[in-house]
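Colleague: Questions regarding the structure given below will be posed in turn.
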Amino acid sequence: MMLGGLMVVLGGMAAPAAAQADDMAEIRALHAEMQRLEAKVQQLEARHGMTGGGSHVLAGRTLRSGPRPNASSTSVTNPSGQITAMPDLSRLTIGGPALSDDAQAAAAAENTMTESIVPSQPKLDLDSSSPLAITQTGVDSLPPIFRIGGVSVRLGGFIDFSNIYRSKNLTSGPATSWGSFPYANSPNAHTGEYRPSAQLTRLSVLLQGSPTKDETLSGYIETDFGGAAGTANSYQTNSYTPRIRQAYMTYSNTKWGFHVLAGQAWSLTTGYTQGLLSRHEQLPPVVDNNQIPGIVFTRVPQIRFIKDFGRKWWLGLSLEAPQVAYAANGGSHAMLTGASDDTIASSNTTLLYSNAGSGMLNPNAKYSMDVAPDIVLKGALDTKPAHYEVYGLARWFKAMAQAPGGPIREHVSFAGGVGGDVTVHVIPRYLQFTGNVLAGEGIGRYGPAMLPDATFRANGTPAPIPEIIGSMGLIGHPTSNLLVYLYGGVESAGRRTYTGTDGYQYGYGVNDLALASCDVEQISGGSCDAQTHTIADLTVGGWWHVLQGGYGAVMTGVQYTYLRKFAYKGGDGASPTTGGNTIYVTFRYLPFQ
């Protein structure tokens, strides 16, 4: 009986003890976050020469800058209004030592140049020309969920449900294949498609640690469900697989103004809102996972070196994974025959310029024969009213060729271009203008319309195709919870042809093909050998921030895009054109915002 009574007493004591432990753990986390934010305030004040004992209001509390009080205890006001002492519970860690205040501030500063002092549930920032919560995952604006030793762990992402309607059937998921809008000969040009999808759901993790007050190491992983395995379908269930969007590590030294990135990330050719640091890319706030025609980007493995000069002038060098898209046109006098070992029709020269994947590469995809990485050299300037960029791009294309009875020869061609980006705060916080351009040869890979990079000369040498990619946009913020945008973009390919011994033209942009059949409607599709000259688009849309609170945030977005595709004129006088409309209606839940 005595033992039973003792068990009851101990059980009654254990329940409040467990509840108290939970409360104390939450207090530790909140206190640690308050100290991190206070350290960030002090760091920003020091950076801008603001000294003294000012104060900052943060979520209803006042943080005092200047000398800190003794951290062994602090005071809080309980609901009854009494002030009680509380021990220092500011370090909630899992294993290892806690970060110092300076290290916490440095970790918070890495790649978050525009971060403001925010409460633990910050309001979505829709004032930017490229709001991070929409275009990325907004993870930088969030407090750490927990720490593992000296490493902070932040989580970001959103649940996305998109409803997609296209006036022509592309059988495409939430990444529109802009260059595939069919001509009138295809039955798909005479019917639309509706395709709901949750594939754009995105998750991210940001890990940050600071060896010293000037150095920060970061790791960032971002994934969605845009992969399509061989078993993927939409019948009863589906198998759309997670994929790497971004996965990279960074090293940053604020004293030297030196930054390194290694891994898969947005190309350095992509525009930036300011600076050249990762997760500040100038991406249009559209829903479509393939952006819109006219935007310049890739998202590939790379190693990048950045030097900033007072966080105003920037210089970057990036070595990025290459791939080449060659043009393969049909017709009776095509450049290539389409055989497995392709042959140049006019000279019977046999070509090898790609191979099927093996090892951990996709065996159903073809990979170009690459000789060197794509190299990007970019300079940038930040001013109060605007951000400016200019860059150069260098590429190399390789193919193996054998003339009848001759030896196998390797042919390498140089390609590349020059580009620039600008973001102007026309009316600060209310209206921004953004524009980008890339012009050169062999740059089709860098545009969402995926125009070809190159064709071939008669001897099998890769012939880079002249191209230009560009867009302009206006991003407005009528209210704090509403964002609207308007974009126009274009991608255009030039001619790269030669006349064969048979008198026909070969290459890309030829003007002696018979193209009248492109406008003849046939349920079987018929034939159309048209080569794309230009793709242009007009896009309008917006986001409405519906809900915000401790439960996260809810947003809804609408995007409308009108597209036109123009082909090179044929020898029979036909000039095929096509176009279409796409509409997105999207709902998004951001649990961490």
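The values are calculated or read from the model by the stated rules, or taken from the named source; none is laboratory data. The shown structure was predicted, so the numbers you read here are calculated from the model rather than taken from an experiment. Reconstructed Cβ throughout: ideal geometry from the backbone, glycine too, with neighbour counts over all protein chains shown. Just the protein is used for accessible areas: all its heavy atoms, side chains included, with ligands, DNA and RNA removed. Shrake-Rupley method; radii C 1.70, N 1.55, O 1.52, S 1.80 Å.
Colleague: Residues with amide H under 5 Å of residue 457's amide H, sequence separation 5 or more or different chain, H placed in the peptide plane at 1.01 Å from N; which?
Modeller: 463
Colleague: Mind listing the phi-derived Karplus ³J(HN,Hα) values for segment 171-184, rounded to whole Hz, using 6.51, -1.76 and 1.60 with θ = phi - 60°, and x for any glycine or proline?
Modeller: Running phi through 6.51 cos²θ - 1.76 cosθ + 1.60 with θ = phi - 60° gives 6, 10, x, x, 10, 5, 7, 4, x, 9, 4, x, 7, 5 Hz.
Colleague: In segment 193-249, carbon and sulfur make up what percent of the accessible area (probe 1.4 Å)?
Modeller: Percent of accessible area from carbon and sulfur atoms in segment 193-249: 61.
Colleague: Less than 21 Å apart at the alpha-carbon level, and either on another chain or at least 8 residues along: which lysines does that give for residue 123?
Modeller: 40
Colleague: What whole number of Å gives the distance from the Cα centroid of segment 124-202 to the Cα centroid of segment 441-478?
Modeller: Using only Cα atoms to place each centre, the spacing works out to 23 Å.
Colleague: Pop out the ³J(HN,Hα) list for segment 523-535 in order, Karplus 6.51 cos²θ - 1.76 cosθ + 1.60 with θ = phi - 60°, rounded to Hz; leave Gly and Pro as x.
Modeller: 5, 7, x, x, 10, 7, 9, 4, 10, 5, 9, 9, 10
Colleague: Per-residue counts of other Cβ atoms within 10 Å, averaged by peptide: what ranking do you get for 439-450, 494-505, highest first? Before the final figure, lay out the partial values.
Modeller: Working: 439-450: 24.2, 494-505: 14.9.
Packing order, densest peptide first, comes out as 439-450, 494-505.
Colleague: Something else now. In nanometres, what is the gap between the two model label sites at residue 495 and residue 155, each 7 Å from Cα along Cα-to-Cβ?
Modeller: Computed distance between label sites residue 495 and residue 155 equals 5.9 nm.
Colleague: Net charge near residue 422: determine it from the other residues with C-beta under 15 Å of the C-beta of residue 422, scoring Lys and Arg +1 and Asp and Glu -1.
Modeller: With Lys, Arg at +1 and Asp, Glu at -1, the neighbours total -2.
Colleague: Just report the Cα centroid separation between segment 257-330 and segment 522-593, whole Å.
Modeller: Centre-to-centre (Cα) distance: 22 Å.
Colleague: Another question, if that's okay. Where the only charges are on Cβ atoms (+1 Lys, Arg; -1 Asp, Glu), what is the dipole of segment 253-315 about its Cα centre, to the nearest 20 debye?
Modeller: 320
Colleague: Counting pairs of alpha carbon atoms under 8 Å apart in space and at least six apart in sequence, what relative contact order in percent does segment 364-493 give? Intermediate results must be reported in sequence, preceding the final value.
Modeller: On the way: 295 pairs, mean separation 24.0, N = 130.
About 18 percent, as a whole number.
Colleague: Relative contact order for segment 127-166 using alpha-carbon pairs under 8 Å, separation at least 6, rounded to a whole percent? Each step should come with its number before you reach the end.
Modeller: On the way: 30 pairs, mean separation 12.3, N = 40.
Relative CO of segment 127-166 lands at 31 percent.
Colleague: Okay, moving on. Using only the Cα atoms of segment 169-273, build the gyration tensor, take square roots of its eigenvalues as a ≥ b ≥ c, and label the shape rounded, prolate or oblate: rounded if a/c is under 1.5, else prolate if a/b is larger than b/c, else oblate.
Modeller: Prolate shape, in that a/c is at least 1.5 and a/b is the bigger ratio.
Colleague: Roll a 1.4 angstrom probe over the protein heavy atoms and tell me the percent of accessible area of segment 468-593 that is carbon or sulfur.
Modeller: Solvent-exposed carbon and sulfur of segment 468-593 make up 63 percent of the total.
Colleague: What translational diffusion coefficient, in µm²/s and rounded to a whole number, does the Stokes-Einstein relation yield for segment 260-304 at 4 °C and a viscosity of 1.567 mPa s, taking the hydrodynamic radius as the Kirkwood radius over Cα pairs?
Modeller: Answer from the Stokes-Einstein relation: 116 µm²/s.
Colleague: Mind checking which lysines have their C-alpha under 29 Å from residue 569, skipping anything on the same chain fewer than 8 residues away?
Modeller: 168
Colleague: OK, next. Work out the length of the dipole vector of segment 424-502 about its Cα centre, built from +1 on the beta-carbon of each Lys and Arg and -1 on the beta-carbon of each Asp and Glu, and round it to the nearest 20 debye. Mind showing how you got there, number by number?
Modeller: On the way: 5 positive and 5 negative charges, 32 e Å.
That gives a dipole near 160 debye.
Colleague: Ordered by residue, what ³J(HN,Hα) values in Hz, to whole numbers, does segment 491-502 give under the Karplus form 6.51 cos²θ - 1.76 cosθ + 1.60, where θ = phi - 60° and Gly and Pro are x?
Modeller: Karplus values, whole Hz, x for Gly and Pro: 9, 9, 10, x, 8, 8, 10, 8, 9, x, 5, 8.
Colleague: At each listed q (0.10, 0.16, 0.18 Å⁻¹), what is the log10 of I(q)/I(0) that the Debye formula gives for segment 405-558 modelled as equal alpha-carbon point scatterers?
Modeller: So the normalised log intensities are -0.60, -1.00, -1.12.
Colleague: Take peptides 126-134, 526-534 and line them up by average Cβ neighbours within 10 Å, highest first, as a rough protection proxy.
Modeller: Ranking, from highest mean packing down: 126-134, 526-534.
Colleague: Please compare each pair in 312/565; 255/384; 307/398 to a cut-off of 29 Å on the Cα-Cα distance and tell me which ones are over it.
Modeller: Correct reply: 312/565; 307/398.
Colleague: Sticking with this one: Identify, among 403, 484, 458, the residue whose Cα sits farthest towards the positive end of the charge dipole of segment 384-518, taking +1 on the Cβ of Lys and Arg and -1 on the Cβ of Asp and Glu, with the dipole about the Cα centre.
Modeller: Looking along the dipole axis, the top candidate is 484.
Colleague: Output the relative contact order of segment 436-510, whole-number percent, from Cα pairs under 8 angstrom with separation of 6+ residues. List each step's numbers first, then the result.
Modeller: Working: 141 pairs, mean separation 20.5, N = 75.
It rounds to 27 percent for segment 436-510.
Colleague: Between residue 474 and residue 255, take the C-beta separation as r, use R0 = 45 Å, and let me know the FRET efficiency to the nearest 0.05.
Modeller: 0.70
Colleague: What chymotrypsin sites (Phe, Trp or Tyr not before Pro) in segment 176-274 are in a loop by DSSP, with at most 10 other Cβ atoms within 10 Å of the Cβ?
Modeller: Qualifying residues, ordered by number: 235.
Colleague: Treating only the Cβ atoms of Lys and Arg (+1) and Asp and Glu (-1) as charged, compute the dipole magnitude of segment 112-268 about its Cα centre; round to the nearest 20 debye. Before the final figure, lay out each step's value.
Modeller: On the way: 11 positive and 10 negative charges, 49 e Å.
For segment 112-268, the charge dipole is close to 240 debye.
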